[in-house]
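Everything on this sheet refers to the single structure shown next.
The values are calculated or read from the model by the stated rules, or taken from the named source; none is laboratory data. Computed from a predicted model, the values in this text were never measured in an experiment. In this analysis, Cβ positions are derived from the backbone assuming ideal geometry, glycine residues included, and neighbour counts consider all displayed protein chains. SASA here: full protein model, heavy atoms, side chains in, ligands and nucleic acids out. Shrake-Rupley method; radii C 1.70, N 1.55, O 1.52, S 1.80 Å.
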Amino acid sequence: MTKPFEEWDRPRQAWMLSGDCRGVRQRTLLLEMTTRALFPTVLVFSVYLLLVGHYGPGGGFAAGLVAGLAFVLRYIAGGSDVAVRVRPPVLIGLGLTVALLTALAPTLVGAPVLATTKLALDLPLVGHVETQTSVFLDVGVYLLIVGVVLDLLRSLGAGIERDMRDAGEPR
């Protein structure tokens with residue numbers, strides 16, 4: 001039988017849930033609400049940094065670090081089950097592959113490694129879009145950095161969660 005005041009603040013909708021909390025008594029409602037609002041916002045900002053990095057401050061490394069900070073915030077609010085649903089080695093390998101292929105692709109046309117060129121496309125609904133081919137290198141670096149941050153969270157968080165489990169604290 002549930003008590004009427006135990007369930008009053010439990011999230012009822014799946015919209016922007018930060019995940020399960022470690023324990024009802026250890027909930028930090030302010031942190032969970034802040035995480036729900038900030039997590040998608042920070043991820044969108046990281047994509048913005050990724051896309052404008054060639055023309056201004058940003059790029060794949062800075063954008064990956066910003067996205068990694070969003071995952072750190074989500075880990076603090078909800079634990080490793082929430083923050084690390086993607087396998088970090090897969091992201092690291094995918095990022096390295098994209099960066100390597102982007103670096104070597106110019107050699108197919110006789111250009112030096114890491115050469116860049118302007119890319120112009122006419123996309124439906126968006127219109128004419130111009131960018132540099134180096135944005136693909138930035139995407140590879142972005143995936144690599146996000147994967148490294150998630151792997152660090154998984155590695156460091158496993159020790160913390162093991163210590164909590166050994167001390168008998170609830171998850």
Tally up the residues in region 134-171 that are buried (at least 20 other Cβ atoms within 10 Å of the Cβ) and aromatic (Phe, Trp, Tyr), please.
1
Residue count, region 115-133 (criterion: surrounded by 13 or more Cβ atoms within 10 Å (Cβ to Cβ) and among the small types (Gly, Ala, Ser))
1
Tell me whether region 9-29 contains one or more residues that are more than 28 Å from Arg162 (Cβ to Cβ), modelled with pLDDT of 90 or more and open to solvent by less than 60 Å² (accessible area, probe 1.4 Å).
no
Which of the residues belonging to region 136-161 are touching a helix residue (DSSP H, G or I) at 6+ places or on another chain (Cβ under 7 Å) and farther than 13 Å from Pro88 by Cα?
Phe136, Leu137, Asp138, Val139, Gly140, Val141, Gly157, Glu161
